[in-house]
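Q: Sharing a structure, written as structure tokens. Questions coming.
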């Protein structure tokens with residue numbers, strides 16, 4: 001099966017001891033789907049024109065590649081909690097109430113992530129994403 005990806009970005013970062021880190025990112029879905037490291041010796045071989053140099057890479061989120069990312073805000077009532085553990089409680093509750101097919105973005109550090117209504121009922125909100 002052949003699948004053409006025309007909107008890709010590649011990043012290379014030379015590190016001091018582990019070689020060259022690389023990533024391939026699908027522009028349409030905004031997903032990094034290949035991440036790896038090329039050891040220094042192998043990278044030098046590649047620059048010298050050697051083909052078939054062994055590298056290690058990780059494939060991720062292939063089911064999202066070439067799809068469009070949609071995002072929305074998920075607002076939900078917070079269960080009883082203390083101020084200290086509110087982030088953990090919010091993450092667990094967001095996962096519990098998140099609609100099927102969506103992914104919770106576990107960021108609750110905005111000053112608007114937690115709020116109360118006029119009656120004192122406590123809420124939290126976060127971003128959710130899906131790829132269609």
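Q: Do any residues in the stretch 106-118 that are in contact (Cβ under 8 Å) with a residue 24 or more places away in the chain and in the same structural domain as residue 90 (by TED's automatic domain parsing) have Cβ atoms under 8 Å from those of residues that are in a loop (DSSP other than H, G, I, E, B) and surrounded by 10 or more Cβ atoms within 10 Å (Cβ to Cβ), where the two are at least six apart or on different chains, and which pairs are they?
A: Pairs that qualify, where the first residue is in contact (Cβ under 8 Å) with a residue 24 or more places away in the chain and in the same structural domain as residue 90 (by TED's automatic domain parsing) and the partner is in a loop (DSSP other than H, G, I, E, B) and surrounded by 10 or more Cβ atoms within 10 Å (Cβ to Cβ), are 114/78; 114/108.
Q: Just to be sure I understand the filter: pairs with C-beta atoms under 8 Å, separated by 6 or more residues or on different chains, first member in the stretch 22-50 and touching a residue at least 12 places away in the same chain (Cβ under 8 Å), second member in a helix (DSSP H, G or I). Which pairs pass?
A: Cβ pairs passing all conditions: 26/64; 29/64; 31/64; 33/62; 33/64; 38/46.
Q: I'd like to verify a number: residues in the stretch 107-127 that are exposed (fewer than 10 other Cβ atoms within 10 Å of the Cβ) and part of a strand (DSSP E or B), how many? So that I can check it myself, show each step before the final result.
A: Taking the stretch 107-127 as the starting set, the residues that turn out to be exposed (fewer than 10 other Cβ atoms within 10 Å of the Cβ) are 109, 111-112, 117-120.
Retained after the next criterion (residues that are part of a strand (DSSP E or B)): none.
Within the stretch 107-127, residues that are exposed (fewer than 10 other Cβ atoms within 10 Å of the Cβ) and part of a strand (DSSP E or B) number 0.
The values are calculated or read from the model by the stated rules, or taken from the named source; none is laboratory data. Since this is a predicted model, take the numbers as computed values, not measurements. Virtual Cβ from ideal backbone geometry, glycine too; neighbours counted across all protein chains shown.
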